[in-house]
Amino acid sequence: MKLIVGLGNPGAGYALTRHNIGFLVLEKLARGNHVKFKANKRFSALTGECAIGKEKVFLAMPQTFMNLSGHSVRPMLNWL
């Protein structure tokens, strides 16, 4: 399984800014693979799963601010 994390900042004020390019890229990848993101309290993130080719992929958009993304990503890495 692969983990793809799109970094950004939560909230409407950052929605279409350069700070959220990671979110925008992940959203496009998700659309192309018919992924619906769901709130995941365990990881403080929006998450989804799909297969890309033969590889299972876990997609995540941490809902912490960019500087605190490790608080979301580390538990995912430990889980995987």
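The values are calculated or read from the model by the stated rules, or taken from the named source; none is laboratory data. Remember, predicted model here, so these are calculated numbers, not experimental data. For neighbour counting, all protein chains shown are included, and Cβ atoms are generated from backbone atoms with ideal geometry for every residue, glycine included. Heads up: the accessible areas ignore ligands, DNA and RNA and are worked out on the full protein's heavy atoms, side chains in. Shrake-Rupley method; radii C 1.70, N 1.55, O 1.52, S 1.80 Å.
Details
- Summed over region 57-67, the residues that are in contact with a strand residue (DSSP E or B) (Cβ under 7 Å, 6 or more places away or on another chain) and either assigned to a loop (DSSP other than H, G, I, E, B) or within 15 Å of LEU80 (Cα to Cα) (or both) give a count of 5.
- Taking region 1-32 as the range and being among the charged types (D, E, K, R) and either more than 26 Å from LYS56 (Cβ to Cβ) or out of contact with any strand residue (DSSP E or B) (no Cβ under 7 Å at 6 or more places or on another chain) (or both) as the test, the residues that pass are ARG18, GLU27, LYS28, ARG31.
- Enumeration of residues in region 18-47 that are out of contact with any Ser or Thr (no Cβ under 6 Å at 6 or more places or on another chain), surrounded by 14 or more Cβ atoms within 10 Å (Cβ to Cβ) and part of a strand (DSSP E or B): LEU46, THR47
- Picking from residues in region 7-17 that are without any contact (Cβ under 8 Å) to a residue 40 or more places away in the chain and aliphatic (A, V, I, L, M), the one that is least open to solvent (accessible area, probe 1.4 Å) is ALA15.
- Scanning region 67-80 for residues that are open to solvent by less than 50 Å² (accessible area, probe 1.4 Å) and either within 20 Å of ALA12 (Cβ to Cβ) or of a type in the set (D, E, K, R) (or both) yields SER69, SER72.
- Of the criteria (1) exposed (fewer than 15 other Cβ atoms within 10 Å of the Cβ); (2) without any contact (Cβ under 8 Å) to a residue 60 or more places away in the chain, which one LEU3 fails: (2)
- The number of residues in region 48-66 that are crowded, with 17+ Cβ neighbours inside 10 Å and closer than 15 Å to ASN9 by Cα comes to 5.
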